[in-house]
Each structure stands twice: as structure tokens, then as C-alpha cells.
Amino acid sequence: MDIRASAAAVANALTSTNSLPQICLVPGYDHQAREIYFATPDRIEGCFAKLRPDAPHIVRGNTEQRIQLLPGDKVVDKSYLIFFPQVSLLAFQMNRDGGSITRFFEYLNRLLPNGQIAIREDIIQPGAMDRLEEHQLKWFDVAFVRPRNVANANPNDWTSRTISGLGGVNAGRIKLRVSAPRGDDLGGGVATFLQGLFRLGEPVGLKAKFEDIESPVDLLAEVVQGDIQVTLDNGYPHPAAVLQAIMECYIQQRDRLQAVFGDVERLP
């Protein structure tokens with residue numbers, strides 16, 4: 001995913017100290033960037049951890065046992081990451097138990113100096129929008145939110161230009177369903193229409209139902225991603241193995257990323 005902020009500011013925020021702060025982002029759960037370092041001059045590696053005050057049980061045979069925590073101890077659940085400052089590109093492990101990508105950006109924006117903000121932009125697979133023109137489209141749902149730079153313009157302008165009837169409404173989010181007449185399809189021009197909407201607001205959802213595909217397709221969920229597998233060492237993944245697996249996954253996706261960045265030689 002792309003990070004829209006000064007890459008130098010992000011790199012400095014993550015690496016300026018060996019003891020990054022623990023920040024409570026949700027009630028009861030602190031989060032912390034850990035083990036952050038420059039693996040190479042153009043690559044930062046580390047992890048983002050959720051620090052839990054509650055401990056899980058272990059099962060030995062058929063008997064549950066508690067994990068004994070001392071006062072002040074916390075359980076650490078990690079999501080590993082690689083950041084490429086030269087192109088503001090973040091490869092992030094989606095770990096259901098660890099710190100989430102949403103919490104990571106909340107955390108990062110707490111670290112950045114005043115006036116700097118990191119905005120997450122998922123990198124969509126090339127051709128996702130083309131599918132709207134290549135298949136018979138029965139309906140689509142689209143959701144988008146007020147752009148972050150709305151303070152620089154009329155706050156209601158993005159909605160008034162999109163749906164004139166909502167021009168006086170201080171809307172933060174709009175969700176639409178556009179469907180074809182019974183027995184027909186929406187025809188061409190949908191991708192052009194949506195691209196016009198997305199220039200006015202930030203897309204946060206886009207599902208489409210195609211005639212020849214049984215289930216609705218979440219087009220914005222088609223981000224550039226891949227699976228990784230690592231061997232556990234006595235129940236724990238080795239950090240170097242996880243980071244190596246993320247790097248290998250990134251290399252496998254470079255052709256797709258080239259379509260976004262334009263020149264694969266720019267990518268580390």
C-alpha cells in the first residue's frame with residue numbers, strides 16, 4: 001500500500017528511537033512499533049505489536065492451563081512490516097491477532113510531527129475497474145467519503161457536484177446502489193462514471209454483481225497481496241523468516257506494482 005506522507009518523516013518517526021512509545025489506541029490495548037531498523041539503506045523492517053493485558057490459555061493433552069503473567073506483563077501479538085522510503089511503499093503482514101493496518105496508521109500519525117499525516121492508500125490490482133466494462137453488470141454498490149483536504153474548499157462542494165439534491169447536507173459518507181432494469185444490464189460507461197465519483201471523494205467500498213459471476217465481487221478488496229508461510233520454532237515464528245517471506249512475496253508482486261509506479265526500476 002502507498003503512504004501519502006513525507007517518506008523521510010515516516011522513516012524518522014519509526015527509527016528515531018530504540019524505545020518507541022506504547023500508545024493506547026483502543027480501550028485496554030496498547031500498541032507499539034518494535035524491532036524497527038534499517039535492513040538496507042532503502043528498506044526498513046520491524047513489526048507492529050498489540051500489547052494485551054489478557055493472556056490466552058494453553059492446552060496440554062486435554063487440560064487447560066493458564067499462562068502466568070507477572071504484574072505489568074503483557075502478551076505481545078506481532079504483525080511484521082517492510083517499509084520502502086524511496087517509493088513510500090509499505091508491505092504489511094495481515095495478522096488477525098497482531099496489530100492491524102488501521103491501528104498502525106493511527107499509531108504512526110501519533111508519532112509524526114505536527115502538520116505531517118500518513119494516509120493509507122491500498123494499491124489496487126491492475127484491471128480491476130476494467131472488469132466493469134468486460135462483463136454484463138447487473139448492479140453495483142459504491143461508497144465514498146468526504147476527501148481529507150475538504151478544508152481547502154467548500155465542505156459541501158463534493159456532495160453538491162455529485163448529487164445536486166444533497167448540496168446542503170454536511171455528508172461525511174455516501175453509499176449508492178445502481179441497478180439495471182429487470183432483464184437488462186447497466187451497459188457501458190460505468191467505469192467512467194465511478195472514476196468521476198472517485199475524483200470528488202475517497203472510495204471506501206465498491207461491490208459489483210456481474211451476469212456471469214454468481215456472487216458479488218468486491219473490486220476494492222482486490223489489493224495487491226499474497227500468502228506467506230513460515231515454520232514455527234517451538235510455537236513461535238522466527239522474525240527473520242517472516243520478514244524474508246514478506247520480501248519474497250513483494251518480489252513476486254513487482255510486475256503488478258509496476259503498473260502502479262510506472263517504472264519497475266524505481267522499486268527497490
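Overview of results
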{"read-out": "Complete set of residues in region 64-118 that are within 17 Å of Ala11 (Cα to Cα) and either in contact with a Ser or Thr (Cβ under 7 Å, 6 or more places away or on another chain) or outside the structural domain of Leu25 (by TED's automatic domain parsing) (or both)", "value": "Phe92, Gln116"}
{"read-out": "Matching entry among Asp218, Asp227 (being at pLDDT 85 or above and among the charged types (D, E, K, R))", "value": "Asp227"}
{"read-out": "Residue within region 127-142 that is of a type in the set (Gly, Ala, Ser), part of a loop (DSSP other than H, G, I, E, B) and modelled with pLDDT of 85 or more present", "value": "no"}
{"read-out": "Complete set of residues in region 20-52 that are under 21 Å from Gly72 (Cα atoms), surrounded by 15 or more Cβ atoms within 10 Å (Cβ to Cβ) and among the hydrophobic types (A, V, I, L, M, F, W, C)", "value": "Leu20, Ile23, Leu25, Ala33, Phe48, Ala49, Leu51"}
{"read-out": "Region 232-245 residues that are touching a residue at least 24 places away in the same chain (Cβ under 8 Å), paired with ones that are outside any helix (DSSP H, G or I) (beta carbon under 6 Å, 6 or more apart)", "value": "Val242/Tyr80; Val242/Val230; Leu243/Glu45; Leu243/Tyr80"}
{"read-out": "Test: residue in region 238-246 that is assigned by TED's automatic domain parsing to the domain that holds Ala39, at pLDDT 80 or above and part of a loop (DSSP other than H, G, I, E, B)", "value": "yes"}
{"read-out": "Residue satisfying all of: in region 95-121; assigned to a helix (DSSP H, G or I) and among the β-branched types (Val, Ile, Thr); surrounded by the most Cβ atoms within 10 Å (Cβ to Cβ) among these", "value": "Ile101"}
{"read-out": "Every pair of residues 6+ apart whose Cβ atoms lie under 8 Å, when the first sits in region 253-268 and is assigned by TED's automatic domain parsing to the domain that holds Ala91 and over 17 Å from Arg43 (Cα atoms) while the second is at pLDDT below 70 and among the charged types (D, E, K, R)", "value": "Val260/Asp2"}
{"read-out": "Residues of region 39-51 satisfying the condition of being over 22 Å from the mean Cα position of the chain (by Cα) and in a strand (DSSP E or B)", "value": "Ala39, Thr40"}
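Each row is one residue, and each column tells you yes or no for (1) touching a residue at least 24 places away in the same chain (Cβ under 8 Å); (2) more than 19 Å from Gln229 (Cα to Cα).
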| residue | (1), (2) |
| --- | --- |
| Ile58 | no, yes |
| Thr63 | no, yes |
| Gln68 | no, yes |
| Val75 | yes, yes |
| Lys78 | yes, no |
| Val87 | yes, yes |
| Thr102 | no, yes |
| Asn114 | no, yes |
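The values are calculated or read from the model by the stated rules, or taken from the named source; none is laboratory data. Please read all numbers here as calculations on a predicted model, not as lab measurements. Note: ideal-geometry Cβ built from the backbone for every residue, glycine included; neighbour counts use all protein chains shown.
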